[in-house]
Every structure is written in C-alpha cells, then in structure tokens.
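The values are calculated or read from the model by the stated rules, or taken from the named source; none is laboratory data. Worth saying up front: this structure is predicted, and the values here are computed from it rather than measured. Cβ placement follows ideal geometry from the backbone for every residue including glycine, while neighbour counts extend to all protein chains displayed.
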Amino acid sequence: MIDARRAEVVGRIGAALGPEAQLHLVGGALRDLLLGRSGGDWDLATALDPREVMARAKAAHLRSLPTGLQHGTVTILVEGEPYEVTSFRGDGPYLDGRRPIEVRLGVSLEEDLARRDFTINALALPVEALAERAWRTALVDPFGGQADLALGLIRAVGDPQVRFAEDGLRPLRACRFAAQLGFRVEDATEAAIPRRLEVARRVAVERVFVELGKLLVARAPSEGLELLARTGLLDLWLPELRPLVDCPQGLPHRWDVWRHTLALMAHLRPEPALRWAALFHDAGKPRKRTVDDGGRIRFLGHEAVSLEIAQTVLVRLKAPKALQGQVQALVRHHGTHPEPSWSDGACRRFLARLADDGLALADWSAFRRADQLARGGDPGPVEDEHTAILTRLEGLAAQRPPLAAAHLALDGRALMALAGRSGGPWLGALQRHLLDQVLEDPRRNEPAWLEGEARVWLAGAPE
Ligand code: ATP
Ligand code: MG
C-alpha cells in the first residue's frame, strides 16, 4: 500500500517544481514499496540543478535547505518532514575506493540509475504516477530490478567487480540487504566480493559500523553474518570472530560456537545492544576451550575474554559509549545461572550486580533465555527452568530491596559523623560492608541496626 499522505506531499513537491523537473521517487523507497515494507525515507531525483530546485521551492512557499549541494542534494521540508531531492547525477572516477572524485550533474535519469549499487535499488517512478492505481506500469526499471525483487536476488548493477572496486562499502551493503530482506546475493555478485576485499578494507569505520548495525538488527542477521564469513569480509572488521567458526562444543550444545551465535540472534528482539552482545557473548570460547580426560569440553572463564574482545572491536568501530556499556553488561552477566539452591541473599547480590552495571533484569533475562534456547535442545524444559529462575528473581526485586549504597538508611554524611572522620577509602569499604549485610537481610536497613554494625566494623578497621 502506498502511504497516501506521503504520496500527496510528494505530488505537491512535484507540482511546485514543474514538469521540467521530471521528479521521480527513486531507490530504496520503491524497493520497499514493491515489497510491502514501509517506514524508510522517500528519496527523490530531479533533472533540475539544485539551485533551481531551491528557487522553485521558494516560489511555491516550500522550505528548503542546501544539505549537500556538492552532490546535488537539497532537502525540502514539508510538515516538518524532510524529503531529499537530488539532481540526476553520474559519478566521476573513484580513486580511493570510497567516493567519486567528482559528480556530474545534468545527466539522464537512466545514467543516474546506472550509478546505483543493486538492481533492486535502481528503480524510479515519476511522482505523478503515485496517484494512479496502475502505478507499477510507470516504473523505470532499466536493470531488471523488479524481476530480481520477485526472485529475491541482490544483483549488482553492471559488472560487480568494477562496482566493488569503485566503492568498498557496496559488498557490505549486499550482506546487509540479504539480512534485511532475506534475499540471496546473486552468484557473480557474491563471487566478486572476495576479489575486492582490499577496497572494502579502506572504507571508513563509521560507515562500516552503521551497516553492521543495520545488518544485526535485521530480520535475518544470520544470513548476513554467514555471507560475511563466507566472503571474507568478516576478517576485515571482525577477525576476532573467525575462530568461532567450526569451534565445537559438547552437550547440551548442538552446534559449534558460530552456529550457536547465529541462532541466538533469532531469539532476541532486534535491538542494537542485544544483537551486538549476542555477536560477542561467546567470542572468548575458542581461547578458553579445554577438553578433560572424560572428553568433556569446557570454556571456563570465557566471559572475561569475550568482554575484552567486545570492547576491542566496539572501540575500533567507534561505537557510541552508551552501546559499549550495554554490551559489556550483557556479556559480563550472560554466564550467570542462578540456581534454585541459591539463598535469597545470593539472588539479591546478583540483582545488585546487575543494577550496578545498569542492566535491567528484563534484558538480562531475555538474553539468558535466548542463549539457552539457542543451544538447540528441546525448548520445553529450557523455558520451564528459565521461567522458574526469573519468577524468583522478579519476586525478590518486587520487594524493592536496597541494592546499592545509595539506598542505605544511613548516608555517607551520617557514617562520617559516627566515625568522627572525614571521607576516604574507608567510607566506601564500610558502605560495601553494610550493603552486603543488608543484601543478606533487607530488614537490617534501618538506622539503629546499621549504626551498631558500623561501630563493630569501625572498631576492627585499620585507621
Ligand atoms: P535504507 O532502507 O537503509 O535507507 P536505501 O537503499 O534507501 O536503504 P540509502 O543509503 O538510503 O539506502 O541510499 C539510497 C539509495 O542510494 C539506494 O537505494 C541506492 O540506490 C543508492 N546508494 C546508496 N548507497 C550507495 C552506494 N554505496 N553505491 C551506489 N549506490 C548507492
Ligand atoms: Mg534510504
């Protein structure tokens, strides 16, 4: 279904720019329209040059901004929503594997479509056709994009080896679209990727991070990740993950570490922190793998190595600090399995550790459940065991026990007065001691009990 409101807005922009503008809806918006997906940006292309676009928009009382004049792009704002209008352009030569050294304006629509990456992204539709029932008949499709959409194929426009030599990001975009659309990369297009790795290596990490993020939160991240592994792109940006491929694990695991990692993705909501954490959660396993005399495979202490790898990669990719923190917390706590034999105090200490790392119980739980399911065993018992653990932890959390020093009924100032000392490392140590006591039994969190305990601790503490 065409979004009627947007179609109306785009029609208004078309009317404002006039027939010589040959305004077309282009690229991803049409691909998504034909697939019945919605939500993405609507990009427009025109035969006018950008200054003319701005002048005509102004004459029609439409606001416009010169957001990328050097590439021919003007942004027109309608009802607060931005529409990018880019002049038909051809790309000049690419010298660095990143960007063309110049763009040529004043070319035909066909030439504009020819510079686009994949056939499914090289479609155009005159905006007037959006109002027609039979709009499909007006599609401009010089490279067979509709046929490839029907076949579920990602195919480069032109010779893939040439196109991937121009811009090293395109191979990664192919993997990303495979993950988002569940499409296959056409054979010659895929075969060109391993031959152009040196170009891909030069792409700016910021662009790589954005594409990998889109791939991970896609519908089928495992398709994209498999492609990365198969084509060698994985070794450019995530070499730390290569040893996961074919790293065997014993029961209760059914798959090697890599397959388990891919399976985990499918059990998680498409949220960046959860999916990035999934990617790294067991990355430390190959380095920590041991096999004992009985043939049992273990990975003792792998979480710490996974944590190190996650941090190294995310810093290298210039991931935002907030994401780094969330991923760290998920990876750090993914291997904790509270058992029925744990005391309430032990459970509360665990809740306190999660709180300390800013990790919500619900997120820890979603991750643990997915991790257990992705072992590939019978899901029934896994669900039962997990639900039992979660119910207990939720029950304890619902009592809102103090979980941090800030929740103690005696604050730092009161403790300093009691000790007759000014603040210092002793204070933190005392607060941790008191919190431990309170985690053991939350009823202890009242001033008189804490004061008594503090006096005993202070009497035994070094000056
Ligand atoms: P998304 O849903 O992520 O927005 P998209 O296909 O719209 O996907 P954009 O990055 O918004 O991707 O690009 C818009 C259009 O520009 C694409 O559909 C494609 O036609 C073209 N394009 C984008 N990046 C490249 C590239 N690296 N090389 C060639 N053409 C590109
Ligand atoms: Mg887009």
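Scan the range 54-79 for residues that are of a type in the set (A, V, I, L, M, F, W, C) and in a strand (DSSP E or B) and jot them down.
Of everything in the range 54-79, those that are of a type in the set (A, V, I, L, M, F, W, C) and in a strand (DSSP E or B) turn out to be L65, V74, I76, L77, V78.
When you scan the range 80-113, how many residues do you find that are modelled with pLDDT under 90 and part of a loop (DSSP other than H, G, I, E, B)?
Qualifying residue count for the region: 11.
In this structure, does E223 turn out to be outside any loop (DSSP other than H, G, I, E, B), surrounded by fewer than 17 Cβ atoms within 10 Å (Cβ to Cβ) and of a type in the set (D, E)?
no
So which pairs qualify, if the first residue must be in the range 147-176 and free of Cβ contacts under 8 Å to residues at least 40 places away in the same chain, the second must be assigned to a helix (DSSP H, G or I) and aromatic (F, W, Y), the Cβ gap must be under 6 Å, and the two must be at least 6 apart or on different chains?
I154/F177
Taking the range 387-433 only, how many residues are free of Cβ contacts under 8 Å to residues at least 24 places away in the same chain and among the hydrophobic types (A, V, I, L, M, F, W, C)?
Matching residues across the range 387-433 total 5.
State whether one or more residues within the range 113-125 are over 24 Å from E20 (Cα atoms), away from ligand 2 (no atom under 16 Å from the Cβ), of a type in the set (D, E, K, R) and in contact with a helix residue (DSSP H, G or I) (Cβ under 9 Å, 6 or more places away or on another chain).
no
Go over the candidates R56, R31, R6, R99 one by one and state the one that is away from ligand 1 (no atom under 12 Å from the Cβ), under 28 Å from the mean Cα position of the chain (by Cα) and surrounded by 15 or more Cβ atoms within 10 Å (Cβ to Cβ).
Answer to the check: R6.
Kindly state which helices (runs of 4 or more DSSP H) lie completely within the range 251-311 and contain at least 3 residues that are touching a residue at least 60 places away in the same chain (Cβ under 8 Å) and under 17 Å from W364 (Cβ atoms).
Correct list: 272-280.
What pairs come out if I take residues in the range 22-51 that are within 19 Å of R219 (Cβ to Cβ) and free of Cβ contacts under 8 Å to residues at least 24 places away in the same chain and pair them with residues that are within 9 Å of ligand 1 (Cβ to nearest atom) and assigned to a strand (DSSP E or B) whose C-beta lies under 8 Å away, six or more apart or interchain?
A29/D43
Select, from V53, V74, the only residue that is touching a Leu at 6+ places or on another chain (Cβ under 8 Å), closer than 24 Å to D117 by Cα and more than 16 Å from ligand 2 (Cβ to nearest atom).
V74
Give me a count of the residues in the range 34-53 that are part of a helix (DSSP H, G or I) and either hydrophobic (A, V, I, L, M, F, W, C) or within 36 Å of the chain's Cα centre (by Cα) (or both).
4
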